[in-house]
Every structure is written in structure tokens, then in C-alpha cells.
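Below is one structure, written out as C-alpha cells; the observations come after it.
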Amino acid sequence: MHGPSNMAQASAPGKCILFGEHAVVYGQPAVAIALDQRITVNINLSKDWRIDGMRFNSSKHPHINAILQRIWENGPPLSIKITGNIPPASGLGSSAALSVATSAALRCARGRQMDGDRWQEGFSASKLNNVYSGPWENKSGSRIIHGTKSVDNDECAILAHAAEAEAQGGKASPLDSSTCSHGGCIVLKGQIDKKLNWLYQRSLHGVDWEVHSVTPNMDNDVWLVIGATGVHAPTSRQVAKLAKLLEDNPDRMAEIETIGIIAKRGLDALLSGDVYAVGRAMSENHLILRNLGLSCPELETLISAAAPTSLGVKLTGAGGGGCMIALTKNPKATSEAIELAGGRTMISQFGSAGLSIENSEDCPLWNVSE
Ligand code: MEV
């Protein structure tokens, strides 16, 4: 049986940050987990550039545009369709998930030039495997692999990080992009932590992050309830707001460092399976974010409503609107309390699968070597 012709499809999960948002931009440790909620990107060859049936306007889709420029330059026009259940601009990694899924679908559709087992073309985070990232060349002895085999989680995370950095005025950590690509639980630290599974290093404008994955030691009866305020708060605005505060008051960097200390404590609790200590660290982390002016009345209302039935509550992501998260053993009661206070809720288990290729039957869609 043949699927719909000339298409590739990939999906990626949203994320929530348990500890360390904002401080991670300044090199402090942070922990994020992938959510059950996902974004799916479907690409088809088309007569002209389209997005969700409308004419594609690159300035309205900065993340997609940043990825197209890197991996689809001079490629044939596409019709791009985006579906999913991650609300946009809500701190749940919708833009990183979109960027990761777009990178995966495009790589699938384009394929990858190889020489034996080595990439001849691509974006690699590994310092030992820095590969060529320019236009394709007709190298003798090279071959092209395509479809799922050509897709690489690290590459999708790198491309998504580049897109986030461009959209956030150069200030972006690789936390969202790595979590949405690899799934599970991702930890960023200033140095390699041998207790964790080190994936790669990322650097941007003088800040280095060592990216690790971990398997949290959490009971199956602990859930995350996410409460959406419905207030849109672009990450770029929040990141710029904090940058200005720190520029005007350099002594407040101490609060950023305190977030780092809480994140380390929260990570230890995650690894030892102490859910109560995880919850306490989340709530403490929130108090500092609030003090830095990153919360808002709508978030505070949902957080107060969820607190009595939760182990820990905090804003998640950039703040100023967007979402809060509650760690709870009673997701029904916590979710009802948030809804009664005016929030829309979603429930997620603790860490979901990363990017997935859902259709690559017709790949490659772009015969690059022609
Ligand atoms: C946004 O989800 C997380 C921030 O820390 C920004 C970033 O890490 O790039 C606010």
C-alpha cells in the first residue's frame, strides 16, 4: 500500500522545565522533561511555498525559516502542515518542538551525503566529528542515505537551537531544543557530570553547556499537571526583560546563582527518587523567579489554586504568562483546582519519547545530486 505521495512527516514532544529556566541562559544548571503533548510537521512537494494552506511568509515563521535556510536552501517549494496539542507561546517548548520536527522532516526528505559511515554533510555537536555544513558536492565515492536512517537527534537539536537563538536575539540555551529532540529528561550543566549520561557540548556567545540525559527515579504515581493561563508571553521578551534587570542591577546575579543551587538539589532529589524534595525545590525555584519579576497575576492565581494538592508548583518556561506546572500524586484534584481558578489543564507523565519519524516512504523528496 502507498501512503499519500511526496510527503515526509515527523513529530516532537513539548517540554517543561522543572528547575533552572532563565538561569540556564547564564550557564547555571537546569532540568527539563519531555511532555506527552506533541507537534507534528508534515511536508509535501508543492507548486509554491505554503504553510497550513496559506502562502508562506517567512517573517511570520522565524523558526521554520531559520531551519529552511540551513537545510533546504535552493530546495523545491513545499507545503508545510503543522498540527499538535502544544499551545503556542506558553512556555511548553512549542517553538523548539516545531523546529525539531521540521528539521527531522526536512532531513528525511533531503537525505544525507555519506562517505562510508561518515557524514559528508550535516550539523554535528560532537567536537570530534565536525562535518561539512555547506551545499552538497558531488564527491566521488559518496552516497546518499535518506528517510529515517538519515535523521539524527543531535543534528535536529542543533538546528532547533540555532533557530531559537535567532528568534531570541542571540540569547538561548539548548535546553528546550535538546529536550524536544531527545525526549525523556535532559540536564544542562557548566561541566560534564560523570554520574549522568553526557550527550554533547553546546556553546553560544561565550556560554558553554554540557548536555546530559538522565532517567529520573520517580514513582509511577507522580504526575505533572500543566495549567495554561492563556496569556501569551514570547520568550524573547522575557529573556530581554531579565537581561535588562541584570544589566541595571549586577548584584542580582546572586539570585541567578541561587536558582543554580536549587536546580542541583532538585536534580539530586530526582535521581534519588525523593518526590517530596523534588516538589520543594520546584516551589523554591518559583519564589526566586517571581522575585525577579518573571511571574504574573494569572500565573500566581493558578499556582495558589494548585498548591494545596501538590508536592511542588512553579511557573515553567519563560513566565510572564504561559504555563505553570504542579507535581502531584492526585492529578484529578490538582487539575480541577486549576480549572476552577480559570486555567486550562493538561496532564503528562514524567518524561515522554523524543522526536519520531512518522512517514518517510516517499523520501527523498529532493534529489539533491541532480
Ligand atoms: C524557555 O523555555 C527557557 C528559557 O530559559 C530560555 C532559554 O533557555 O533559552 C527562559
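Quick note: the coordinates plus some simple rules give every number you see, no bench work behind them. What you see is a predicted model; the values in this text were computed from it and never measured. Cβ: placed from backbone, ideal geometry, glycine included. Neighbour counts: every protein chain shown.
Straight-line reach from Lys264: which aspartates and glutamates have a Cα under 16 Å away, not including same-chain ones fewer than 8 places off? Straight-line reach from Lys264, under 16 Å: Glu21, Asp193, Glu210, Glu255, Asp274, Glu284. Legend: helices of the chain (whole DSSP H runs) are marked when their alpha-carbon atoms reach 15 angstrom or more along the helix axis and their mean Kyte-Doolittle hydropathy is at least 0.0; marked are 94-110, 153-167, 253-272, 275-291.
Which order do Met253, Met282 fall in if you start with the one that has the fewest other Cβ atoms within 10 Å?
Starting with the residue having the fewest Cβ neighbours, the order is Met253, Met282.
Over 24 Å apart: what share of the alpha carbon pairs of segment 7-215 falls there, rounded to a whole percent?
When all Cα pairs of segment 7-215 are counted, 39 percent exceed 24 Å.
Rank the residues Tyr276, Tyr26 as a footprinting-exposure proxy: fewest other Cβ atoms within 10 Å of their Cβ go first. Walk me through the numbers on the way to the answer.
Numbers: Tyr276 11, Tyr26 17.
So the ranking, lowest neighbour count to highest, is Tyr276, Tyr26.
For the set Lys47/Lys241; Lys81/Lys329; Lys194/Lys314; Lys241/Lys332; Lys195/Lys244, the pairs lying more than 31 angstrom apart at their alpha carbons are Lys47/Lys241; Lys81/Lys329; Lys241/Lys332; Lys195/Lys244. Taken about its Cα centre, segment 194-245 carries a charge dipole of roughly 340 debye when the Cβ of each Lys and Arg holds +1 and the Cβ of each Asp and Glu holds -1. Dividing the radius of gyration of the alpha carbons in segment 223-348 by their Kirkwood radius gives 0.98 for Rg/Rh.
Counting other beta carbons within 10 Å of each residue's own, what order do Glu155, Glu164 fall into, fewest first? Write down the numbers at each step before the final one.
Working: Glu155 24, Glu164 27.
Least crowded to most crowded, the residues run Glu155, Glu164.
Mean shadow of the chain, computed from the convex hull of its alpha carbons, in nm²? It would help to have the intermediate numbers written out before the result.
Numbers: hull surface 75.8 nm².
The Cα convex hull of the chain, projected and averaged over all directions, gives 19.0 nm².
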